[in-house]
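Report on the structure given below.
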Amino acid sequence: MGRLGMSAPASEDRSGARTGASVGARPEGRGVGVSSSLRGPLVDKHGRVHRDLRISLTDVCNLRCTYCMPAEGVPWLARENILTTDELVRVAEVAAALGIVEVRLTGGEPLLRPDAVEVVRRMAAIEGEQGPLEVSMTTNALRLPTLAEPLREAGLARLNISLDTLDRGVFKTLTRRDRFDDTIAGIEAAIAAGFAPIKLNTVAMRGVNDGEITALLRYAVENGLELRFIEQMPLDAGHIWSRPEMVTGEEILAALEQEFALTELPGRGAAPAERFLVDEGPSTVGVIRSVTRPFCGACDRVRLTADGQLRNCLFARTESDLAGLLRSGGTDDDVARLMHACIAGKLPGHGIDEPGFLQPDRPMSAIGG
Ligand code: SAM
């Protein structure tokens, strides 16, 4: 760990993406070279099979949400360490050979990478064990007015959009940027481009947006969006998260039930959200109780940071240096071996609610949410 580099102001061209060939790319003309003995699924010691790879495209963001990033002085990842398009695609190809079926692109803000559409196009063309990789994205929507159509055309399957408030003033305080109208325009662009379902992610915060819980669901239902409330996790850059201050899933459900009839839907599988039918449907709402009701026992996720570090948990305190391997001539078999080893070392749970829990050194923006 510890690859956080210089401090500099963010702008839309600071994503660090380098689209050209790089030392970590597979030599030209060579196909994916994972030996059959390594092609098995990514299974950890607790029997969990990993099918979902979250890739952070950049740690740079155009918002500064208080629960995620500091206002200023962000310790950006060193630009030369950010994986290139070719390196990202190579990792996704090896992952697909190891049973990964979904790649979710995130950040930072993934749409700040100039090659975001190209990354989607190339990843959506990768053949996995059960057909083409399903490529999805988590975004703040600010760049969707221009990019929603190209992303859909490039093969992006699904969109998750973050929206914590419907109040322009609260948005400005919470994100430290006056861009509420751009976010709403981005959501409208995603709907117009035909993405369905579109999920909305809302982090509930006491004294900030906890008075808007029912209004947010009303907005989602009226616009055909699937809202998911997320319990705030200790991943802020300032390390000021406080367990007693956190709005719990139970409180969120109690607030929703004041206005809506909720019926729990069975069959959650490895999904983080508990889902409920709203007023007998067809709309649904989700609650992600990462803190008060962890779902680590069913976790099938593995994460790649923008600087090429593989993490077997959002809260992992160790990382596997995939970038170093790629850039020192590692073969696809070497990459596959490192992925297997990383997953093998996964702990049974994140331990947020246990005494002695230590927040990871990287903030959420540098891990990829
Ligand atoms: N910029 C993109 C966006 O806004 O969706 C992608 C990255 S963002 C880190 C991904 C998700 O992580 C967002 O939905 C955000 O609300 C969530 N997130 C960030 N910090 C969090 C925290 N401390 N607890 C819970 N969720 C968090």
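The values are calculated or read from the model by the stated rules, or taken from the named source; none is laboratory data. Owing to the predicted nature of the structure, the values given are computational and were not obtained by experimental measurement. Here the Cβ is made from the backbone with ideal geometry for all residues, glycine too, and neighbour counts use every protein chain on show. Protein only, heavy atoms only, side chains kept; ligands, DNA and RNA dropped before computing areas. Shrake-Rupley method; radii C 1.70, N 1.55, O 1.52, S 1.80 Å.
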message: Cut-off 10 angstrom, C-alpha nodes, Gaussian network model of the chain. Which of Asn81, Asn160, Asn312 fluctuates the most?
response: Asn81
- prompt: What's the extension gain from Ala344 to Thr173 if we count 0.36 nm per residue and subtract their Cα-Cα distance?
  reply: 57.4 nm
- prompt: Amide H to amide H under 5 Å from Gly99: which residues, 5+ apart in sequence or cross-chain, H placed 1.01 Å off N in plane?
  reply: Glu129
field: In nm, spacing of pseudo-spin labels at Asp181 and Asp210 (7 Å Cα→C-beta vector)
entry: 3.2 nm
- request: Compute the convex hull volume of the Cα atoms of the chain, divide it by the residue count, and report the result per residue in Å³ as a whole number.
  value: 131 Å³
Environment charge at Arg206 (Cβ cut-off 11 Å; Lys +1, Arg +1, Asp -1, Glu -1): -3
- prompt: If you average over every viewing direction, what projected area does the convex hull of the Cα atoms of region 110-189 give, in nm²?
  reply: 5.6 nm²
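Which number do you get for Rg(Cα) / (2.2 N^0.38 Å) in region 150-200?
Scaled against compact globular proteins, the figure is 1.26.
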message: I'd like the carbon and sulfur percentage of the solvent accessible area for the chain, probe radius 1.4 Å, heavy atoms only, ligands and nucleic acids excluded.
response: 51 percent
task: Taking the Cβ of Arg289 as the centre, find all other residues whose Cβ is under 14 Å away and add up their charges (Lys, Arg: +1; Asp, Glu: -1).
output: -1
- line: Rh_Kirkwood(region 328-367) over Cα pairs, Å, one decimal, evaluates to 12.9 Å
message: From the gyration tensor of the Cα coordinates in region 230-369, what semi-axes in whole Å does the equivalent ellipsoid have, largest first, with each one equal to sqrt(5λ)?
response: 34, 19, 12
- prompt: With r defined as the distance between the Cβ atoms of Asp333 and Glu222 and R0 fixed at 41 Å, what FRET efficiency is calculated, to the nearest 0.05?
  reply: 0.20
statement: Here the gain from full extension of Ala78 to Arg268, 0.36 nm per residue of separation minus their alpha-carbon distance, amounts to 64.5 nm
- request: Within region 224-239, which residues have the backbone N less than 17 Å from the label spot 7 Å out from Phe357 along Cα→beta-carbon, could you tell me?
  value: 230-239
query: Kirkwood hydrodynamic radius (Cα pairs, Å) of region 68-161?
result: 14.1 Å
message: Considering all alpha-carbon pairs of region 142-266, what whole percent are spaced by more than 22 angstrom?
response: 40 percent
statement: Distance in nm between Glu149 and His46 label points, each 7 Å along Cα→Cβ, equals 4.6 nm
query: What Kirkwood hydrodynamic radius, in Å, does region 290-369 give when the mean of 1/r is taken over all pairs of distinct Cα atoms and then inverted?
result: 13.6 Å
query: Relative contact order, percent, of the chain when contacts are C-alpha pairs under 8 Å separated by at least 6 residues?
result: 22 percent
message: With angles folded into 0 to 90 degrees, how steeply does helix 85-97 sit against the dominant principal axis of the chain? Use alpha carbons for both and round to 10.
response: 90 degrees
